[in-house]
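Before any comments, here is the structure.
Derivation of every value follows stated rules applied to the coordinates shown; laboratory data play no part. Please read all numbers here as calculations on a predicted model, not as lab measurements. Ideal geometry is used to build each Cβ from the backbone, glycine not excepted, and the neighbour counts take in all protein chains shown.
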């Protein structure tokens, strides 16, 4: 259900736009034809894609939670 939380991140108005853009980078790496480990070797080439995708999604969720917490602690300017 991490994927559903990740998708909700894009509709959340409290998450800054640059974090939403950074959250798309793992998807871009996965579909990009240039890889750190080529996909010619079936299992080895896919593991780096899976790792980047999972780590990127987990990082973006944590970063969004931290950004929302920081925004909640900021004093309101009048």
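Given contacts defined as C-alpha pairs under 8 Å and at least six residues apart, what's the relative contact order of the chain, whole-number percent?
Values: 47 pairs, mean separation 32.5, N = 78.
42 percent.
For helix 2-11, report the angle its Cα long axis makes with the longest principal axis of the Cα atoms of the chain; keep it between 0 and 90° and round to the nearest 10°.
Orientation of helix 2-11: about 50 degrees from the principal axis.
Using a Förster radius of 22 Å, what is the FRET efficiency between residue 10 and residue 32 based on their Cβ-Cβ separation? Nearest 0.05, please.
It comes out at approximately 0.65.
State log₁₀ I(q)/I(0) for the chain at q = 0.12, 0.18, 0.28 Å⁻¹ as given by the Debye formula over alpha-carbon point scatterers of equal weight, solvent excluded.
-0.42, -0.75, -1.26
Could you check the spin-label model distance between residue 18 and residue 51? Points 7 Å from the Cα along Cα→Cβ, value in nm.
2.8 nm
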